[in-house]
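The structure under discussion appears below in the form of structure tokens.
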Amino acid sequence: MRRTQIAGAVLLAGAVTGLAAGPAQAQEYRYWSFWDGKGSSWAYATEGPATVRPADGAVEGFRFAVSADSAAAGKPRAAAGFDAICHDTPAKDGRKRIGIAIDFGTAADAPGGEQPPKARTACAQVAEDASAGEALAAVARPLRYDSNALLCAIAGYPKSGCADQVKGAKEPASSASPSPGAAADEGDATGGGDATGGGDGGPSAGLVGGVAAVVVLGAAAVWQARRRRG
């Protein structure tokens, strides 16, 4: 392979990589996100509350917010401390205690015509095999779900809507941008997991970057082989 061909391959790879790294518009959604308490801080849940079965002493958090990116979703603003939440709830045989923190978000994130209730914490004492969703239901009814089992409302908030799109788009904080269906797959409602690819119908950055790397490495290998034969 001639050097000009190699240079062309490198330029092609650079162009493809640049395409993957280009700016993108991310659609924002208004939804309940789900968090695991880690010491005094929060970590975005990798499963949904319907499948997570926390141990006694765990703390689970729920935050209503507007976000286009699970990595940038607002965390519950209360501390994730089990002792502070459950200190007045004595242990019982055959039961477990789960600290629940519910952050209804800000007025800016509220649907039109609604005011978010004050944030609250509660200690749910539930059966040993209860899920985080069951613990939430024990302390924050009524809950509202859609036909896909996506958690839409806690303690009746909001009154309507479920993971609705918010008008207007902005630059995403990172590459993980949920689509309308992805909100249900993240840790905000049911199954958990982070849906991060293909939401806009384009190729993922990982795929395009991998193709670019193959182009460069393949060109270099052919050039080296020709040099050795020459």
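The values are calculated or read from the model by the stated rules, or taken from the named source; none is laboratory data. These numbers come from a predicted model, not from an experiment. Ideal geometry is used to build each Cβ from the backbone, glycine not excepted, and the neighbour counts take in all protein chains shown. The area values use the complete protein model at the heavy-atom level, side chains included, leaving out ligands, DNA and RNA. Shrake-Rupley method; radii C 1.70, N 1.55, O 1.52, S 1.80 Å.
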**Complete:** When (1) closer than 25 Å to Pro158 by Cβ; (2) at pLDDT 95 or above are applied to Gly112, the one that fails is (2)
**Request:** Could you check how many residues of segment 38-59 are under 15 Å from the mean Cα position of the chain (by Cα) and not β-branched (Val, Ile, Thr)?
**Result:** 7
**Prompt:** Out of all the residues in segment 32-87, which are without any contact (Cβ under 8 Å) to a residue 60 or more places away in the chain, under 20 Å from Ala127 (Cβ atoms) and touching a helix residue (DSSP H, G or I) at 6+ places or on another chain (Cβ under 6 Å)?
**Reply:** Gly57, Val59
**Those residues of segment 91-148 which are open to solvent by 40 Å² or more (accessible area, probe 1.4 Å), among the hydroxyl-bearing types (Ser, Thr, Tyr) and not in a strand (DSSP E or B), in sequence order** = Thr106, Ser147
